[in-house]
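Enquirer: After the structure tokens below, expect a handful of questions from me.
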Amino acid sequence: MKKTFLLSHPKIKLPRLVEAIKFEVKKYLRRERNKTLPAGADYWDFDCRFGADEESAETIHLGAINRHIDEAEKKELPSFYVEILAKPGFKKQAE
């Protein structure tokens, strides 16, 4: 998912719009996690980036996405960019 979300809509109020964006991100993650894992992979891992636009997006942890969306709302940004890319994850072997 590579998408720029607008934080303005003529009919939808901002708090409802933010909740809809969070739900869309959560729905994407659920859909990706339900896909069949490649051979040898243990779980789905995600590379995430967040920023005001695509050029200024910085790498963040998956669990921090909602916090960054809330901060964008508090800063009254007109839009923000979210990038979430799924990749197979492998558990480290205990030595």
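No value in this document is a laboratory result; all are computed from the given coordinates. Being a predicted model, the structure only gives us computed values, none of them experimental. So basically every Cβ, Gly included, is an ideal-geometry build from the backbone, and we count neighbours across all protein chains shown.
Enquirer: Once you put a point 7 Å from the Cα of Leu77 and another 7 Å from the Cα of Arg31, both along the Cβ direction, what distance in nm separates them?
Expert: Roughly 2.2 nm, to one decimal.
Enquirer: Still on this structure, I have one more. Extending each Cα 7 Å along its Cβ direction at Asp70 and Ala94, get the distance between those two points in nm, one decimal.
Expert: Result: 3.5 nm between the two label points.
Enquirer: Right, next: Roughly how many nanometres apart are two label points built 7 Å out from the Cα toward the Cβ at Lys2 and His61?
Expert: 2.6
Enquirer: In this model, which of Lys13/Lys87; Lys22/Lys87; Lys35/Lys75; Lys11/Lys87 are farther than 31 Å apart at the alpha-carbon?
Expert: Lys13/Lys87; Lys35/Lys75; Lys11/Lys87
Enquirer: Right, here's the next one. Quote the convex hull volume per residue of the chain, based on C-alpha atoms, as a whole number of Å³.
Expert: It comes to 111 Å³ per residue, whole-number rounded.
Enquirer: Moving to a separate point now. How far is helix 65-74 tilted, in degrees, relative to the longest principal axis of the Cα atoms in the chain, given as a value from 0 to 90 rounded to the nearest 10?
Expert: Rounded to the nearest ten degrees, it is 10.
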